[in-house]
1. Taking the range 124-139 as the search range and keeping residues that are crowded, with 24+ Cβ neighbours inside 10 Å and in a strand (DSSP E or B), which one is nearest to the ligand (Cβ to nearest atom)?
2. Output the qualifying pairs, or none if there are none: Cβ atoms under 8 angstrom, residues six or more apart or on different chains, first residue in the range 227-249 and on the phi > 0 side of the Ramachandran plot, second residue part of a helix (DSSP H, G or I) and surrounded by fewer than 19 Cβ atoms within 10 Å (Cβ to Cβ).
3. For L148, state whether it is within 15 Å of the chain's Cα centre (by Cα) and either more than 9 Å from the ligand (Cβ to nearest atom) or not assigned by TED's automatic domain parsing to the domain that holds A79 (or both).
4. Could you list, in sequence order, the residues of the range 9-43 that are within 16 Å of the ligand (Cβ to nearest atom), among the small types (G, A, S) and closer than 14 Å to A111 by Cβ?
5. Just wondering, is there one or more residues in the range 73-82 that are in contact with a Leu (Cβ under 7 Å, 6 or more places away or on another chain) and within 27 Å of K2 (Cβ to Cβ)?
6. If A185 passes every condition in (1) touching a helix residue (DSSP H, G or I) at 6+ places or on another chain (Cβ under 8 Å); (2) within 13 Å of the ligand (Cβ to nearest atom) but one, which one does it miss?
7. Kindly establish whether F143 is more than 10 Å from the ligand (Cβ to nearest atom), outside any loop (DSSP other than H, G, I, E, B) and in contact (Cβ under 8 Å) with a residue 40 or more places away in the chain.
8. Starting from residues that are more than 16 Å from the ligand (Cβ to nearest atom) and part of a loop (DSSP other than H, G, I, E, B), keep the ones in the range 44-77 and report whichever is nearest to G13 (Cα to Cα).
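The values are calculated or read from the model by the stated rules, or taken from the named source; none is laboratory data. Here the structure is a predicted model, which means the values were calculated and not measured. No Cβ is skipped: glycine too gets one built from the backbone with ideal geometry, and neighbour counts run over all protein chains shown.
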Amino acid sequence: MKLRNILGIDIGGSGIKGAIIDTKKGKLLSERFRVPTPQPPTAESVAEVIKSITEHFKWKGAVGIGYPGVIQHGIARTAHNLDESWIDCDLNGLFSKTTRCTVHVVNDADAAGMAEMKFGAGKGQKGVVLLVTVGTGLGTVMFTDGKLVPNLELGHIILKGDDAELYASDAARKNQELDWPVWAARFDEYLKRLESLVWPDRIIIGGGMSKKGDKFLKYLTTKAPVVTAELLNEAGIIGAALISRYYNKLEKKS
Ligand code: BGC
């Protein structure tokens with residue numbers, strides 16, 4: 001199996017997106033193909049969508065998938081914004097079976113972080129880099145001298161007596177119709193709490209929010225500089241492909 005080009009897929013709360021990725025260059029080799037996330041988003045219904053994406057690209061090679069929850073060795077452990085049926089499901093096994101491709105599933109924030117560290121706003125950054133993806137949920141990933149610790153899950157710390165995600169995500173902004181200064185003040189509170197826990201040298205904001213820096217960056221008051229992700233919405237699919245390449249190589253060796 002050739003490992004340079006890999007189909008990267010991102011499972012999101014509203015859409016499932018895929019594209020063929022050149023993992024050496026961190027570039028899309030195809031248009032992005034997007035299918036709305038089925039409702040309810042069960043593992044089986046999403047597996048059918050994943051299959052349709054591989055068919056759309058007539059894909060037979062390796063596939064990397066970013067999933068919005070904890071993934072331990074291909075097994076889903078949480079499903080905050082999806083259906084409970086995902087928990088403890090062997091996603092590497094399920095998706096490999098439905099697509100007949102070799103599939104590796106990883107946490108979506110881990111995937112986005114890998115892509116930003118290799119090709120985007122974290123490129124060449126030493127020290128501690130924290131990336132926060134802001135969308136339906138709050139995804140967090142941290143690198144120290146470029147090394148990742150998976151499944152950080154700081155989106156669920158308690159803030160104002162509740163799950164931080166319900167207070168400071170983009171979904172919270174939209175659902176509660178918060179205007180930008182109000183939402184940005186909440187997000188600043190969240191980032192400062194994270195800062196007091198993990199002391200990053202640099203903070204990168206990813207997910208859909210990375211395109212809206214002009215609306216909120218000016219309100220942030222953390223000690224660490226905050227920048228927006230450079231690969232924008234594509235970080236998730238590029239990173240999923242990168243991590244799949246890593247696992248495929250590892251498995252080839254063993
Ligand atoms: C999940 C994380 C995920 C984030 C972004 C959170 O609800 O717990 O695992 O990275 O959403 O999708």
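1. G139
2. L232/K211
3. Numbers: within 15 Å of the chain's Cα centre (by Cα): yes; either more than 9 Å from the ligand (Cβ to nearest atom) or not assigned by TED's automatic domain parsing to the domain that holds A79 (or both): yes.
Yes, satisfied.
4. G12
5. Yes: the range 73-82 contains one or more residues that are in contact with a Leu (Cβ under 7 Å, 6 or more places away or on another chain) and within 27 Å of K2 (Cβ to Cβ).
6. It is condition (2) that A185 fails.
7. So F143 does not fit the description; no.
8. Initially, the range 44-77 is screened for residues more than 16 Å from the ligand (Cβ to nearest atom), giving 44-45, 47-63.
Next, from what is left, pick out any that are part of a loop (DSSP other than H, G, I, E, B): 57-61.
Numbers: F57: 22, K58: 25, W59: 24, K60: 26, G61: 26 Å.
Only one residue fits best here, namely F57.
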